[in-house]
Amino acid sequence: MRPSRPCRALIPFALLVLAAVSASADPPELKRSAKGMNYSIRIPDGHAKGRTTLIVALHGSGDTCENFMRWLTDGASTLPKDAILLAPQALKDGAWAQPDIEPLGALVREIQAEHAPPRTLGIGFSRGAYFVFALAIAAPELLQGAIPHSGGLPMAVPGNGALDKVPFYIIHGDADKVVPVAE
């Protein structure tokens, strides 16, 4: 089966995210947003406002933004080191939930206003993947692409065409015993 046109459009962007880049970056910092959401952020060395991609990375259930950021930035990570990497913390018990949508969207807008990225990509693992879908549905204008990994759709996709401009590259295996691929 061939990928749909929006999916094909995201493949080069997904390859950018998954390709190792030799640029360096400062160690991640732990901060708190204006709406009270904790987050870890890594700004690349030589960052130029308006020229650096923003990657919003959402952790799985029970994880923390600091632990997820460590995993995303360790020596084996293939995320580009020349991107701004933002790892927010779910507000309650490390599990993303409906009340997180508004402060998460506000945090993404806050970082976008500060750094003016030319594009913002949402990635998420497990429960974080569910929430990448949720963020794209709630505020499609915030993302220019999404890569959910091992998660499902938390709600029905609106029929209003709001997601038509957000290409998705969905990663999921049929042997996943936690999140059924049917989701």
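Filter region 88-107 for residues that are in contact (Cβ under 8 Å) with a residue 40 or more places away in the chain, outside any loop (DSSP other than H, G, I, E, B) and open to solvent by 30 Å² or more (accessible area, probe 1.4 Å) and give the result.
Glu102 - this is the single residue of region 88-107 that is in contact (Cβ under 8 Å) with a residue 40 or more places away in the chain, outside any loop (DSSP other than H, G, I, E, B) and open to solvent by 30 Å² or more (accessible area, probe 1.4 Å).
Within the set of pairs 6+ apart or on separate chains, which have a first residue in region 158-183 that is within 15 Å of Phe133 (Cα to Cα), a second that is among the charged types (D, E, K, R) and exposed (fewer than 14 other Cβ atoms within 10 Å of the Cβ), and C-beta atoms under 8 Å apart?
What qualifies is Val181/Asp174.
Residues in region 111-155 that are part of a helix (DSSP H, G or I) and farther than 20 Å from Leu30 by Cα: how many?
First pass over region 111-155, keeping only residues part of a helix (DSSP H, G or I): 111-115, 127-138, 140-142.
Narrowing the set further to residues that are farther than 20 Å from Leu30 by Cα leaves 127, 129-138, 140-142.
The number of residues fulfilling the criteria is 14.
Being hydrophobic (A, V, I, L, M, F, W, C), assigned to a loop (DSSP other than H, G, I, E, B) and closer than 21 Å to Asp74 by Cα is the filter; apply it to region 19-59 and report the residue that is modelled with the lowest pLDDT. It would help to see each step written out before you state the result.
First pass over region 19-59, keeping only residues hydrophobic (A, V, I, L, M, F, W, C): 19-21, 23, 25, 30, 34, 37, 41, 43, 48, 54-58.
So of that shortlist, the ones also assigned to a loop (DSSP other than H, G, I, E, B) come out as 19-21, 23, 34, 37, 43, 48.
In the following step, the residues that additionally are closer than 21 Å to Asp74 by Cα were identified as 19-21, 23, 43.
Details: Ala19: 40, Ala20: 35, Val21: 38, Ala23: 45, Ile43: 93.
In this case the residue turns out to be Ala20.
Quick check: is even one residue across region 156-168 under 21 Å from Ile43 (Cα atoms) and either modelled with pLDDT under 90 or assigned to a helix (DSSP H, G or I) (or both)?
Just the residues of region 156-168 that are under 21 Å from Ile43 (Cα atoms), to begin with: none.
Looking through region 156-168, none of the residues is under 21 Å from Ile43 (Cα atoms) and either modelled with pLDDT under 90 or assigned to a helix (DSSP H, G or I) (or both).
Give me the pairs, please: first residue somewhere in region 47-76 and within 21 Å of Arg32 (Cα to Cα) and in contact (Cβ under 8 Å) with a residue 60 or more places away in the chain, second residue anywhere and in a helix (DSSP H, G or I) and among the polar types (S, T, N, Q), beta-carbon distance under 7 Å, and either six or more positions apart or on two chains.
Pairs found: Leu54/Gln112.
Which ones in region 139-170 are open to solvent by less than 50 Å² (accessible area, probe 1.4 Å) and either in contact with a Phe, Trp or Tyr (Cβ under 7 Å, 6 or more places away or on another chain) or more than 23 Å from Arg109 (Cα to Cα) (or both)? Give the derivation first.
Filtering region 139-170 down to residues open to solvent by less than 50 Å² (accessible area, probe 1.4 Å) leaves 139-140, 142-143, 145-148, 150-152, 158, 161-163, 166-168.
If the condition is that a residue be open to solvent by less than 50 Å² (accessible area, probe 1.4 Å) and either in contact with a Phe, Trp or Tyr (Cβ under 7 Å, 6 or more places away or on another chain) or more than 23 Å from Arg109 (Cα to Cα) (or both), then Gly145, Ala146, Ile147, Pro148, Ser150, Gly151, Gly152 are the ones that fit.
When region 28-77 is examined, which residues are found to be of a type in the set (Gly, Ala, Ser), within 21 Å of Ser150 (Cα to Cα) and buried (at least 20 other Cβ atoms within 10 Å of the Cβ)? Reasoning before the result, please.
We begin by selecting, within region 28-77, every residue of a type in the set (Gly, Ala, Ser); these are 33-34, 36, 40, 46, 48, 50, 57, 60-62, 75-77.
Cutting the leftovers down to within 21 Å of Ser150 (Cα to Cα) gives us 57, 60-62, 76-77.
Matches in region 28-77: Ala57, Gly60.
The values are calculated or read from the model by the stated rules, or taken from the named source; none is laboratory data. Note that this is a predicted model, so its numbers are computed, not measured. Ideal geometry is used to build each Cβ from the backbone, glycine not excepted, and the neighbour counts take in all protein chains shown. All accessible areas refer to the heavy atoms of the entire protein, side chains included, with ligands and DNA or RNA removed. Shrake-Rupley method; radii C 1.70, N 1.55, O 1.52, S 1.80 Å.
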